[in-house]
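The values are calculated or read from the model by the stated rules, or taken from the named source; none is laboratory data. As the structure is a prediction and not an experimental result, all values here were calculated from the model. Here the Cβ positions follow ideal geometry from the backbone for every residue, glycine too, while neighbour counts run over all protein chains shown.
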Amino acid sequence: MKWSKSLMSFLLFGSLTALAYPQAPTSKEVDSVYPDAHALYLDLHQNPELSGHETQTAEKLATRLRTAGYDVTEHVGGTGVVAILKNGVGPTIMLRTELDALPVEEKTDLPYASKVHAKDSAGRDVPVMHACGHDVHMAAILGTAEIMARSKSTWHGTLMLIGQPAEETIGGADGMIHDGLFTRFSKPDVAVALHVGNELPAGMASITPGIYNTNSDSIRITIYGKGGHGAAPHTTVDPIVIAARTILTLQTIVSREVKPGEMGVVTVGYIQAGTKNNIIPDHAEMGLTVRTYKQEVRKPILAAITRIAKAEAAAAGAPREPLVERYEGTDAVYNDPALAERMRAPLEAALGKKNVITEGPIAPSEDFSYFIEQGVPGFYFSLGGADPEKYAQAKASGIHLPSNHSPLFAPDVDPALHAGIAAEVAVLRNLLNTSADELHKLTTEQATQ
C-alpha cells in the first residue's frame, strides 16, 4: 500500500503522542483494525440502502460488532442497532453512526462506485449512493469498536455503540428513542458522533463549542385554485401564478424580517403543478426547507411563511386557503461547551495539534439533537475528508470541492478513515477514564453559568 506524506506524518505523530498521552491509540492499534474497517467501507459504499430500508447494512454492522465481542440488539426503532460492551464500573458513553444513504446517482467514477437502484418509500425507482459519508462513519465505528474491545485495560465503564437508521429523513433517532433506546438500555452520560466532509483535508478535525448546526423545518404548501383551459385563464384561478408570487414574497422574509446578522434560510426546493401546457391545474404544491440557529428567529420565520401563503392566495381570489404543513423537523445540535473543550486534548493527541481547529456553526442539520434533547450532553465533531492536495488547490483557486449530497462526493478514505478511528478511540478513552459524577459536574456547571 502506498502511503501519502500526510498519512505518514499522521502515523508518526500518533506513535509519538501516544507516549505522552496514553489515551491516544498507537498507529499499530489503528493499523491492526484498518483492513476490516476498509473492507466494510468498500462493501457499504457499493451496496448503499435508503433511509428506513437499511436491512442489509444493519445486519453487516451488527454481525461485525457481535464478532468483536459486543452484546448486540437489532431492530431497535426499525433497523437500528445497539451494541453494548461492559467493562467494570464507570460512565456509559454512547458513540453513534448512521446507516442510511441518499437517492443520488453516483458520478465519482471510482472503481467501487455504487450502481444500486432501489424503490423508495413512495415506490419510485431511484439511484442510491452514500453521498453523505455514512459509509466512512460506519467503517470508523467498526475499527473503533475492535480497538476498544481489545484494549479493556485502557478504560472502564460501558461503551454503547448505536447504528441509527433514517438520519437523512430526520426520523431515525426519534424512532430509536421511542422504541426504548434509553429505557431498554442504559441512558448514556455523554453521546458522541462525527461527520466527514470536504470542508477540511483528510487527517484533520474541527470542534464547534455550542451550536453546531441548524434547526431544520420541512414545509409543504398546497395552493388551491380553480382549474380550466389554458386559453381561457379568466375563467380560472391559476394556482401556478399564485405559487410564483408566493415564492418571490417568501424570499423577503430573511431579507426584510430577520435582523441583519442573524442566520436564516428559506429555500423552495420544488414546485409541482399541472399535467399539460394548455391546462390550468386546480392546485400546486411546493416544498420548502427552513434553517435557523435560534428559536427566536425560527418561530417568526415559520409564522411568516404561513402568513404570506395565505395572503397571496387571498389576493388572487383563491377558492380556499392554502394548506401549510410542517411535516418534518429537528432542532440544532448543541455541543456542551465545556465538554467540547475537554475533547480538544485527546483529539490533538490523536491527530496532531495543528490538525484540530475550532470552527463556527454550519448550515446543514441532522437528528443527533434528539438524543441531546433527552438530557444527554453531546459532543459532535467534524472530520476532514478532502484529499489534502486537492483541498489546497481548491482553496488557492477559490473553488469549492463537491459537498455532501453531491453525486461527486468521495472522501479521501486513506487517511480519513485512519483519522476517524484514532479520533473516536481517543475521545472514548478520555471519557471512559472519567467518572460519571465528574462528567455530570462538568456539563451541569456549564449549563448553570
What residue, among those in segment 257-301 that are among the polar types (S, T, N, Q) and under 25 Å from the mean Cα position of the chain (by Cα), is nearest to Y327 (Cα to Cα)? T289
What is the one condition in (1) surrounded by fewer than 24 Cβ atoms within 10 Å (Cβ to Cβ); (2) in a helix (DSSP H, G or I) that P402 does not satisfy? (2)
Can you name the condition, by its number, that A396 falls short on among (1) more than 14 Å from D217 (Cα to Cα); (2) part of a helix (DSSP H, G or I); (3) aliphatic (A, V, I, L, M); (4) touching a residue at least 12 places away in the same chain (Cβ under 8 Å)? (4)
What's the number of the only condition in (1) modelled with pLDDT of 95 or more; (2) surrounded by fewer than 23 Cβ atoms within 10 Å (Cβ to Cβ) that Y370 fails to meet? (2)
Within segment 62-114, residues being of a type in the set (G, A, S) and under 23 Å from G420 (Cα atoms) number 8
Of the residues A149, A122, only one is surrounded by fewer than 20 Cβ atoms within 10 Å (Cβ to Cβ), assigned by TED's automatic domain parsing to the domain that holds Y34 and more than 30 Å from A350 (Cα to Cα); which? A122
Can you find, within segment 293-310, the residue that is surrounded by the fewest Cβ atoms within 10 Å (Cβ to Cβ) among those that are under 15 Å from L250 (Cβ atoms) and without any contact (Cβ under 8 Å) to a residue 12 or more places away in the chain? A303
Limited to segment 316-356, what total is found for residues that are in a helix (DSSP H, G or I) and in contact with a helix residue (DSSP H, G or I) (Cβ under 8 Å, 6 or more places away or on another chain)? 12
Considering I207, I247, I221, which residue is out of contact with any Pro (no Cβ under 8 Å at 6 or more places or on another chain), among the aliphatic types (A, V, I, L, M) and under 22 Å from G317 (Cβ atoms)? I247
Here are some conditions: (1) within 17 Å of the chain's Cα centre (by Cα); (2) in a helix (DSSP H, G or I). L142 meets all but one. Which one does it not meet? (1)
